[in-house]
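The values are calculated or read from the model by the stated rules, or taken from the named source; none is laboratory data. Keep in mind that what you see is a predicted model, and the values were worked out from it rather than measured. Every residue, glycine as well, gets a Cβ built from its backbone with ideal geometry; the counts of neighbours run over all protein chains shown.
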Amino acid sequence: MPHLIANYSENIKDLKVKELLLNMNKALFSTGLFATSEEIKSRGQCNYDVVIGLDSKEEAYLHIILYILSGRNDEEKDYLSRTLLKTVEQEITTTKREEISIQICIEVTEIDRKSYNKKII
């Protein structure tokens with residue numbers, strides 16, 4: 001734990017997904033809220049069938065969902081969210097070359113610690 005899923009619309013050109021995921025992993029680890037970097041798992045999912053508003057082709061989105069085990073306080077969750085937003089914004093600003101508006105959303109979701117199981121084999 002945690003698991004990070006980056007959903008993004010296919011109309012974001014020049015998005016270096018692996019680099020973005022790595023930078024988000026680094027940012028999460030730098031918060032000091034996770035014991036090892038190997039705990040942090042991230043993946044990107046490109047969404048091709050997307051409608052934003054009334055289907056404006058000038059809009060795009062990047063929605064980050066961070067799944068964490070229950071038990072974090074609100075300040076920690078907010079810190080994680082703000083850290084990811086800053087990281088994503090920096091990445092998008094440096095790679096964005098086309099004139100398109102990109103909505104960046106960060107969602108921190110708790111998974112019940114009592115029902116979560118994990119085994120490394």
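No other residue among 48, 61 is among the aromatic types (Phe, Trp, Tyr) and surrounded by fewer than 12 Cβ atoms within 10 Å (Cβ to Cβ) apart from 48. Close contacts from the stretch 3-17, counting a first residue that is more than 26 Å from residue 29 (Cβ to Cβ) and a second that is hydroxyl-bearing (Ser, Thr, Tyr) and surrounded by 15 or more Cβ atoms within 10 Å (Cβ to Cβ), with Cβ to Cβ under 7 Å and a gap of 6+ residues or different chains, come to 9/61. Filtered by the rule that a residue be surrounded by 15 or more Cβ atoms within 10 Å (Cβ to Cβ) and under 18 Å from residue 111 (Cβ atoms), the stretch 26-38 gives 28, 33, 34.
Among the residues in the stretch 25-44, are any of a type in the set (Phe, Trp, Tyr) and under 15 Å from residue 2 (Cβ atoms)? Yes: the stretch 25-44 contains one or more residues that are of a type in the set (Phe, Trp, Tyr) and under 15 Å from residue 2 (Cβ atoms). Close contacts from the stretch 72-91, counting a first residue that is under 15 Å from residue 4 (Cβ atoms) and a second that is hydroxyl-bearing (Ser, Thr, Tyr), with Cβ to Cβ under 6 Å and a gap of 6+ residues or different chains, come to 83/31.
Checking 18, 41, 77, 119 one by one, the residue that is among the basic types (Lys, Arg) and surrounded by 15 or more Cβ atoms within 10 Å (Cβ to Cβ) is 77 and no other. Select from the stretch 103-120 the residues that are modelled with pLDDT of 90 or more and farther than 20 Å from residue 28 by Cβ and write down the one among them that is nearest to the chain's Cα centre (by Cα). If we take residues in the stretch 103-120 being modelled with pLDDT of 90 or more and farther than 20 Å from residue 28 by Cβ, then 103 is nearest to the chain's Cα centre (by Cα).
Output the residues belonging to the stretch 54-82 that are assigned to a loop (DSSP other than H, G, I, E, B) and more than 20 Å from residue 13 (Cα to Cα). Residues satisfying the conditions are 54, 70, 71, 72, 73.
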